[in-house]
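Structure first, commentary second.
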Amino acid sequence: MRRLPLDLLISLALFTVQAILIAPVFAGEFTSARGSIEGAYITDARFIVDHFPDLSWNPLWYLGFPFEWFYTPLLPAIVATLGKLLGNVPQAYRLVAATGYALGPAALYVATRQIARLPLAGVLAALAFVFLPSPSYLFPALRDDAIGWAAGPLPPAWRLVTLVKYGEGPHVLSLSLALLALAAATWYVRAPSGRRLALAVLAVVAVALTNLIGVLGAGVFVGLLPASATLGGSALARWARVLRVGVLAGLLSLGWYSVGFIRAVFGFTTPGGAEGGAAYVFFPLVLFVALLLVAQLSRRVPEGLELAAGWSLIFAVIVAAFQLGGTALAPQPTRYALELDAAVAIALGIAFAWLVRWLAGLLDPRAVAALAGVAVFAFVALGVGAWMAVRDDLAADPHWSDWSERATALWLAEHLGPGERAYVSGEHAFWLDVFGDVPQVRGGVDFAFSNPWWAHVTFQVNTGPDAEVSVLWMEALPVRYLVVTGPGSTEVYKDFVDPRKFDRGLPVALDRRGVRIYEVPRVGDPRLVVARVADLAAPTSAIDRPALEAYVGRMRDARAPRALAQRGLGAWRADVDVGEGESVVLRQAYDTGWHATVDGRDVAVRADAIGQLLVPVPAGAHVVELDHRVHGDLLAGIGVATLTALGLLGSGVRRRLRRAAA
């Protein structure tokens with residue numbers, strides 16, 4: 001009990017030091033790193049604020065998609081709540097992202113303190129995490145990336161680069177939460193109790209609801225615990241406790257990780273090639289080797305060092321296999337450099353603390369204290385220069401109102417008609433819906449789609465040589481304006497191979513600051529039409545011109561409904577006159593969540609030839625009503641999570657009643 005205030009004081013001190021170092025990140029609204037992905041997370045939060053509780057369907061990204069697939073919900077929900085209170089969602093995002101970063105050293109201290117049971121080990125590990133160059137910089141690509149972003153005597157921490165340059169706020173926050181989950185799980189495995197079990201489970205669930213990459217990281221941190229004999233008890237008991245944490249956390253996570261969400265995450269492949277050669281099947285082998293290493297080192301090295309060695313091995317192999325050999329042992333392997341840095345920092349903290357402890361038996365205590373002070377000073381001195389060099393790069397961009405992304409978004413919002421879309425690429429796609437509700441073909445989270453054609457279309461528009469096929473897709477989807485960023489734009493990615501390929505086929509509606517906006521001919525009502533498309537076959541590829549010409553030709557002959565009313569983001573009512581062989585087509589993505597009635601009677605819906613929603617309707621005058629609902633698998637998962645939570649709560653109450661009776 002007497003140690004708790006000291007641990008709390010140290011944790012607060014570490015949080016404060018890190019918060020001071022990244023103080024500019026807490027202020028302002030928009031990052032100066034416009035290539036950052038954080039625009040997508042701000043968009044998610046803004047969408048929640050602006051449209052809650054109508055959150056079943058998002059018509060803005062990927063031709064429309066089920067909002068339940070948008071991402072893991074914890075960070076956007078926190079940002080949306082804080083943004084609603086502040087009246088400023090972008091500012092709320094910076095506050096939450098900076099807090100998640102500042103929490104890292106304190107969480108690392110708590111985790112190291114639990115596994116090594118030495119306060120000095122925790123302090124040294126946290127200081128190494130904050131100030132020492134990242135071990136990930138042993139890989140030249142990461143080191144060069146960091147140096148290129150902010151030149152200084154030493155490159156800044158890779159964790160800082162991922163937060164500020166790339167906008168990975170969810171991953172940074174999930175790492176802090178994963179370290180807290182590690183601490184809670186260690187506490188529970190050493191001395192099990194219902195309260196400690198609940199704390200460990202909730203911490204793991206928090207990671208799962210924050211970031212997909214962080215789930216594997218937390219799994220590795222917690223999953224190696226049973227191999228360490230220093231945690232006490234039998235190996236079987238340790239495995240049973242960790243398994244209990246994992247199973248309960250998995251059941252509770254089903255409240256978001258539905259079958260559809262998991263399938264969407266793992267089923268997406270970028271057209272044109274994935275990130276390296278996937279070799280996920282070898283990851284269990286790496287895990288097995290790490291477990292053996294921990295078991296062999298247990299009680300032969302300073303307490304906790306065996307676990308840090310196992311974690312470092314796994315994350316180093318994941319990152320090295322991709323950086324040096326182009327092989328992906330886990331999804332997006334480079335991102336596990338953050339977990340590698342944390343594992344190595346823990347190892348350094350434990351090793352230095354035990355060195356100090358060993359010297360304490362040989363030297364005068366004052367000399368040992370002086371050596372510990374020198375170590376702390378050396379850690380800080382090594383990193384202060386990098387922090388000072390990068391400080392100006394952490395500030396928000398005061399000139400964000402002049403961004404071409406914002407100007408493009410506002411222009412499109414003003415000129416697009418109801419139901420019309422824009423085609424936007426690169427960082428413009430990330431930021432477009434931060435500034436307004438502008439439907440587009442792309443979006444910010446590429447696995448969150450119902451209609452897979454968007455990815456093939458994007459690949460064709462950006463890299464294909466055939467402008468006419470691209471225009472046919474624009475007419476079919478329906479896109480009204482096609483935005484192309486050229487060499488003179490501020491676009492970071494510049495992903496158009498030939499920015500001028502549409503000059504001969506489409507009129508230019510706007511040419512400003514290197515951004516050209518082309519106007520696409522309008523083909524049919526962009527919201528809902530009555531068309532003869534049910535008999536058309538799907539294109540065999542994104543360059544199947546005959547199939548596309550046939551579809552666009554039918555759309556040119558399509559008729560608008562007699563009356564059309566939108567009752568929400570995913571709800572429509574249409575009065576239609578349908579001829580023989582015709583169907584009603586809502587020009588948004590088909591999804592199994594769509595429910596349709598014709599004159600009040602349920603009808604089955606399906607996808608048309610290019611994946612838009614087709615409703616079979618008999619000939620004559622009818623009333624068609626459409627409504628997108630939450631998927632059944634998500635509701636089932638919420639049910640399982642609720643029953644699990646109630647079971648845990650009931651079990652805790654029952655234990656308390658028994659103790660009270662005893």
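The values are calculated or read from the model by the stated rules, or taken from the named source; none is laboratory data. Bear in mind that the values here come from a model prediction, so they are computed numbers and not experimental data. When we count neighbours, we look across all protein chains shown, and the Cβ atoms used for this are built from the backbone with ideal geometry, even at glycine. Surface areas here come from the heavy atoms of the whole protein model, side chains and all, with no ligands, DNA or RNA. Shrake-Rupley method; radii C 1.70, N 1.55, O 1.52, S 1.80 Å.
Taken over segment 31-147, the convex hull of the Cα atoms encloses 166 Å³ per residue. Once Lys and Arg get +1 and Asp and Glu get -1 on their Cβ, which of VAL603, ALA565, VAL578 lies farthest toward the positive end of the dipole of segment 537-609? Positive-most Cα among the choices belongs to ALA565.
The accessible-area ordering, largest first, of the residues HIS595, HIS622 stands as HIS595, HIS622, per a 1.4 angstrom probe.
Please quote Rg/Rh for segment 52-115 to two decimal places, taking the Kirkwood radius as Rh and restricting both calculations to Cα atoms.
Rg divided by Rh gives 1.14.
Between ALA141 and LEU85, the modelled labels are 4.1 nm apart [label points 7 Å from Cα along Cα→Cβ]. The calculated FRET efficiency for LEU410 paired with THR592, based on their beta-carbon distance and R0 = 41 Å, is about 0.70. All C-alpha pair distances within segment 552-603, sorted into 10 Å bins from zero, spread as 18, 56, 25, 1 percent across the bins.
Note on the chain: dipole from Cβ charges, positive end direction compared against LEU85, LEU293, LEU138; the farthest Cα belongs to LEU293. Fully extending the segment from LEU371 to ALA534 would add 50.8 nm, taking 0.36 nm per residue of separation and subtracting the current Cα-Cα distance. Taken about its Cα centre, segment 1-73 carries a charge dipole of about 400 debye when Lys and Arg each add +1 at the Cβ and Asp and Glu each add -1 at the Cβ. Since only VAL390, LEU348, SER401 are under comparison, the one whose Cα sits farthest along the positive direction of the charge dipole of segment 337-408, derived from C-beta charges on Lys, Arg, Asp and Glu, is LEU348. Average 1/r across all pairs of distinct alpha carbons in the chain, invert it, and you get the Kirkwood radius: 27.1 Å.
From the Kirkwood radius over Cα pairs of segment 354-467, Stokes-Einstein at 4 °C and 1.567 mPa s returns a whole-number translational diffusion coefficient of 66 µm²/s. Computed with the Debye formula from one identical point scatterer per Cα of segment 383-427, without solvent, the log10 of I(q)/I(0) at q = 0.19, 0.25, 0.27 Å⁻¹ comes to -0.73, -0.93, -0.99.
Suppose the chain between ALA661 and ARG522 were pulled fully straight at 0.36 nm per residue; how much longer would it get relative to their current alpha carbon spacing?
Details: separation 139, 0.36 × 139 = 50.04 nm, distance 7.58 nm.
Contour length minus the Cα-Cα distance gives 42.5 nm.
Its DSSP H runs of at least 4 residues, each contributing -39,500 (n - 2.57), put the calculated 222 nm mean residue ellipticity of the chain at -17500 deg cm²/dmol, to the nearest 500. Rolled with a 1.4 Å probe across the full set of protein chains, the surface gives TRP158 an accessible area near 10 Å².
In what sequence, highest mean first, do 118-126, 550-558 appear when ranked by Cβ atoms within 10 angstrom? Provide the component values of the computation, followed by the final result.
Details: 118-126: 25.8, 550-558: 18.6.
For the peptides 118-126, 550-558, the packing ranking is 118-126, 550-558.
The C-alpha atoms of the chain define a longest principal axis, and helix 305-325 lies at about 40 degrees to it. When the Cα atoms of segment 469-608 are aligned to their principal axes, the ranges along those axes come out at 55, 34, 26 Å in descending order.
Extension gain, GLU580 to LEU55: 0.36 nm times the residue separation minus the Cα-Cα distance gives 185.4 nm.
With a Förster radius of 22 Å applied to the beta-carbon distance between ASP397 and LEU9, the computed FRET efficiency rounds to 0.05.
Using only the Cα atoms, what convex hull volume per residue in Å³ does segment 282-325 have? Don't skip to the answer; put the middle values down first.
On the way: hull volume 2.5 nm³, N = 44.
With only Cα atoms used, segment 282-325 gives 57 Å³ per residue.
Largest to smallest in accessible area, the residues ASP393, ASP341, ASP535 fall in the order ASP535, ASP393, ASP341 (1.4 Å probe, all protein chains included). Mean projection of the Cα convex hull over all viewing directions, computed for segment 185-302: 8.9 nm².
Packing order of peptides 299-305, 631-637, highest average first: 299-305, 631-637 (average count of other Cβ atoms within 10 Å over each peptide's residues). Taking the Cα centre of the chain as reference, the dipole from Cβ charges on Lys and Arg (+1) and Asp and Glu (-1) amounts to some 3120 debye. Ordered from highest to lowest accessible area with the whole protein assembly present and a 1.4 Å probe, LYS84, LYS494 read as LYS84, LYS494. Please give the net charge around GLY426, taking every other residue with its beta carbon less than 11 angstrom from that of GLY426, where Lys and Arg add +1 and Asp and Glu add -1. Neighbourhood net charge equals -1. Spacing of the modelled spin labels on ALA378 and ALA619, each 7 Å from Cα toward Cβ, amounts to 9.0 nm. In Å², what does the accessible area per residue of segment 313-360 work out to with a 1.4 Å probe? Averaged over the residues of segment 313-360, the accessible area is 34 Å². Here the dipole of segment 34-107 is about 240 debye; that uses its Cα centre as origin and unit charges on the Cβ of Lys and Arg (positive) and Asp and Glu (negative).
Shown is the FRET efficiency for ARG195 and ILE20, computed with R0 = 35 Å from the Cβ-Cβ distance and rounded to the nearest 0.05: 0.55. Heavy-atom accessible surface of PHE52, to the nearest 10 Å², is about 150 Å², with a 1.4 Å probe and all protein chains retained. Working from label points 7 Å from Cα in the Cα-to-Cβ sense, the GLN332 to ARG567 distance is 3.8 nm.
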